[in-house]
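Since the structure comes first, as structure tokens, the remarks are kept for the end.
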Amino acid sequence: MSLPSDVGLVLLVWIVLVLPWLALRSRRRLASAGPAAPLPVSRRRIWVSALVVQLLLFLLAWGAGQTYGRRLFDRGDSGPRAWLLGGLALLLLLVQREIYRALLSPRQRAELPIMKWLPRSPGEHALYVTVALAAGVAEEAAYRGVGWEVLSWSLGGGPEAVWGGAALLCVAFALAHATQGPQAVVFVASTAVVMHVLVMLTDTLVVAMVVHAVYDVLAAWLARRGGLPEEEGATVAAPAAAVAATTTTSEAATAARPGVIPGQKSDGART
């Protein structure tokens with residue numbers, strides 16, 4: 001086993017240890033506060049903070065990529081075959097989303113924290129789309145790109161190291177979404193597997209970045225189409241999840257990264 005460069009080591013520590021730790025700590029605070037706790041800050045502030053987190057993640061991945069000669073936007077095999085594989089991966093992600101939704105009760109779906117954070121106004125929606133696009137680029141660059149390459153090299157560089165690194169990063173990526181519940185961790189791990197295989201088959205991050213961003217935007221649209229929990233003070237009450245009042249803005253931003261967004265109406269509505 002070899003130690004990576006300074007920037008590569010910082011990247012690995014950030015995605016394998018720090019982000020999962022923040023998400024798990026936020027999950028504990030959410031659980032102690034209960035699903036009816038109000039948002040400690042505005043949705044706009046949460047998504048702006050999330051955008052900053054994504055930009056920092058991309059800069060870390062880019063800096064480590066420079067050290068290892070990894071070009072993040074190398075198109076590789078980005079011909080029709082690659083885009084067909086990307087389309088199949090997107091379809092598989094959407095199917096997995098429906099399976100995940102089916103495993104949750106209506107109340108569980110309504111009480112997912114992400115349901116509280118989803119945009120309501122056009123301005124919030126535009127900000128969310130910006131974060132989704134940033135996440136598609138930054139998270140693929142970090143988890144399926146440079147992070148995977150650095151970790152595989154550190155583990156010895158053979159086939160076992162490549163797939164061992166992929167497995168570790170799938171777990172880390174899933175734990176970074178732990179705020180959304182244990183079922184979400186399993187779901188996100190399965191999406192990470194799909195994205196790793198896609199990158200391996202296409203030999204480029206570009207297709208994965210597009211698929212990731214499109215999925216996040218589609219998932220939010222499907223959730224809005226299914227209906228969102230009512231705002232505080234509305235005349236019709238609906239189950240609503242919230243960030244715990246003790247959760248900091250940066251923790252909320254980490255937890256609010258796009259990824260797991262099942263559509264939901266209030267109890268009794270069609271899902």
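All of the numbers you see were taken from the coordinates with simple rules; none came from a lab. Keep in mind it's a predicted model, so treat the numbers as computed, not measured. No Cβ is skipped: glycine too gets one built from the backbone with ideal geometry, and neighbour counts run over all protein chains shown.
Between the residues Ser32, Leu93, Ala50, the greatest Cα displacement towards the positive end of the dipole of the range 1-136, with unit charges on the Cβ of Lys, Arg, Asp and Glu, is found for Ser32. Summarising the label geometry, the points placed 7 Å from Cα in the beta-carbon direction at Gln66 and Ser121 lie 3.8 nm from one another.
In terms of its Cα atoms, the range 63-163 spans 46, 32, 31 Å along the principal axes, sorted from long to short. Summarising the label geometry, the points placed 7 Å from Cα in the beta-carbon direction at Leu218 and Ser5 lie 3.6 nm from one another. Pair-distance distribution of the range 115-181: all C-alpha pairs, bin width 5 Å, starting at 0; shares per bin in whole percent are 4, 16, 18, 17, 16, 12, 8, 5, 4, 1. Stokes-Einstein diffusion coefficient for the range 74-129 at 25 °C in a medium of 0.890 mPa s, Rh from the Kirkwood formula over Cα pairs: what value in µm²/s? After rounding, the answer is 172 µm²/s.
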